[in-house]
Each structure stands twice: as structure tokens, then as C-alpha cells.
Amino acid sequence: MDHFEKELDTLKERLLTMANRAQTAVSQAVQALLERNRDLALQVKQSDRVIDQFEVEIDDLGIQQLVKAPLAINLRLVTASTKIAHNLERIGDEAAKIARRAADLCQEPPIRVELDIPAMATLTLDMLKTALHALDHRNTALARSVLPRDKEVDLFNRQIHGILAEFMMEHPGTINRCLHWIVVSKSLERIADHATNVAEDVVYLYEGRDIRHSGAKNRPATEIFSA
């Protein structure tokens with residue numbers, strides 16, 4: 001049992017390290033975009049491989065431990081960890097996508113249109129940070145607070161797409177640059193989706209309840225399991 005507990009600790013440690021890497025990648029990608037920092041954008045692109053490797057390692061650790069887990073909470077930890085790792089890997093992919101667009105935009109003149117990308121990015125990053133903080137501190141109430149905010153990010157995405165579509169019609173010479181910004185907005189929206197998935201997995205891990213597609217997302221559990 002002592003050896004098994006050490007393996008679980010290793011799994012949790014690797015997951016939290018991966019989470020930190022993914023969060024940093026998103027933050028740096030947004031910074032590179034807003035500050036037109038091509039060197040930082042290229043750095044973020046390269047870091048995506050590290051995040052990919054974390055997912056492979058966590059999957060391997062999870063498979064090894066599935067056959068050993070004697071308690072329900074341990075089984076949930078293993079299964080939730082692999083699901084969270086997959087979402088973190090996808091977040092890393094979206095960060096790299098933003099970084100690629102940032103690198104391209106750095107080589108073009110900026111477009112003269114007001115976009116709420118900074119506000120959207122701030123909200124998306126806060127959702128991700130909150131979900132990961134909830135994971136680290138076993139706080140399901142905090143995890144649940146992430147879920148309704150996804151709709152706010154969706155609204156940002158729709159508004160930005162509408163503004164850019166109209167701007168492209170009026171200024172055809174900006175189409176390529178506008179398309180880069182549309183991809184950025186969509187990537188932020190997807191990161192928010194993955195942050196929501198992580199938050200739902202935190203609730204599953206520590207409450208034993210699957211709240212996906214249910215009306216229980218914002219209701220407190222009557223029983224909370226602790227590791």
C-alpha cells in the first residue's frame with residue numbers, strides 16, 4: 001500500500017506540473033499576441049511538445065495503477081487524471097495555435113478595429129486558473145464556479161466573429177489578418193471549454209458525481225469524498 005500511495009502521489013504531482021505548464025503556455029501565448037512579441041510566440045510553439053509528453057507519461061502511470069486501485073476514490077483519481085491530462089494537452093494545442101497566429105500577425109500591420117480579445121483572454125485564463133486551483137485544493141465549490149462562465153466566453157467569441165466579419169467586408173485587404181484573429185478567438189473559446197471539462201472532472205473526483213449534461217452543476221453535494 002505504501003508503494004501504491006507513492007505512485008498516486010507521483011501521478012498527482014505530474015498532473016499538477018502539467019497543469020502549470022499548460023497555464024503558462026496560454027498566458028505566454030496571449031502575452032505574445034497582445035504585445036506582438038514574435039520570439040515569445042515561437043517559444044510557446046516549442047513548449048507544446050513538452051505538454052504532449054506529459055500526457056503520454058500520465059496515461060502510462062494511470063494504466064499501471066488502474067489494476068492496483070483498491071478504493072473508489074483512488075479509481076476516480078486515476079480515471080480523472082487521465083481525462084484532465086487530455087484536456088490540458090488540448091489546451092496546450094490551442095495555446096500553440098494562438099502563438100502561431102501571433103507570430104504571423106507580428107509580421108503584418110495591426111488592423112484598426114476594436115476587439116475584446118484582452119477581456120476574453122482574461123476571463124478564459126481566470127477560468128483555467130480557477131479550475132486548476134480547485135484541483136490542487138480539492139475545492140469542488142470553486143470548480144462549480146467555473147461552469148457558468150463558459151457562456152460569457154461563448155458570447156465574446158460570437159461578438160468578435162461578428163465584428164471581424166463586418167470589418168472584412170468593408171476592408172477586403174485585411175481578410176488574412178482578420179482570419180488570424182478569428183482563429184485566436186475560437187482557440188480562447190475552446191480553452192474555456194477545456195477548463196470547464198477540468199472543473200467537471202474535479203467535481204467527479206472529489207464528490208463522485210458526474211455533473212456533465214445534468215442539472216446538478218451548481219448544486220452542492222450532500223456527500224463529499226476526500227482522498
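Taking the stated definitions as given, is residue 127 over 19 Å from the mean Cα position of the chain (by Cα), at pLDDT 95 or above and buried (at least 18 other Cβ atoms within 10 Å of the Cβ)?
Judged against the criteria, residue 127 is not a match.
Let me confirm something: among 58, 63, 51, 84, which residue is hydrophobic (A, V, I, L, M, F, W, C) and without any contact (Cβ under 8 Å) to a residue 12 or more places away in the chain?
Answer to the check: 63.
On the basis of being over 13 Å from the mean Cα position of the chain (by Cα), modelled with pLDDT of 95 or more and either over 18 Å from residue 87 (Cα atoms) or in a loop (DSSP other than H, G, I, E, B) (or both), does residue 166 make the cut?
Judged against the criteria, residue 166 is a match.
Suppose we keep only residues that are modelled with pLDDT under 90 and of a type in the set (Lys, Arg) within segment 50-86. Which one would you say is nearest to the chain's Cα centre (by Cα)?
Going through the qualifying residues, I end up with 76.
Kindly indicate which of 91, 98, 111 is under 30 Å from residue 176 (Cα atoms) and outside any helix (DSSP H, G or I).
Numbers: 91 fails: outside any helix (DSSP H, G or I); 98 fails: outside any helix (DSSP H, G or I).
Matching residue, one of 91, 98, 111: 111.
For segment 110-130, enumerate the residues that are without any contact (Cβ under 8 Å) to a residue 12 or more places away in the chain and more than 25 Å from residue 146 (Cα to Cα).
112
Among the residues of segment 138-149, is there at least one that is among the hydroxyl-bearing types (Ser, Thr, Tyr), buried (at least 19 other Cβ atoms within 10 Å of the Cβ), modelled with pLDDT of 95 or more and more than 22 Å from residue 80 (Cα to Cα)?
No, segment 138-149 contains no residue that is among the hydroxyl-bearing types (Ser, Thr, Tyr), buried (at least 19 other Cβ atoms within 10 Å of the Cβ), modelled with pLDDT of 95 or more and more than 22 Å from residue 80 (Cα to Cα).
Test of understanding: among 33, 15, which residue is touching a helix residue (DSSP H, G or I) at 6+ places or on another chain (Cβ under 9 Å), surrounded by 16 or more Cβ atoms within 10 Å (Cβ to Cβ) and either at pLDDT 95 or above or among the acidic types (Asp, Glu) (or both)?
That would be 33, the only listed residue that is touching a helix residue (DSSP H, G or I) at 6+ places or on another chain (Cβ under 9 Å), surrounded by 16 or more Cβ atoms within 10 Å (Cβ to Cβ) and either at pLDDT 95 or above or among the acidic types (Asp, Glu) (or both).
Can you confirm whether residue 165 is closer than 24 Å to residue 20 by Cα and hydrophobic (A, V, I, L, M, F, W, C)?
No; evaluated as a whole, the condition is false for this residue.
The values are calculated or read from the model by the stated rules, or taken from the named source; none is laboratory data. Bear in mind that the values here come from a model prediction, so they are computed numbers and not experimental data. Here the Cβ is made from the backbone with ideal geometry for all residues, glycine too, and neighbour counts use every protein chain on show.
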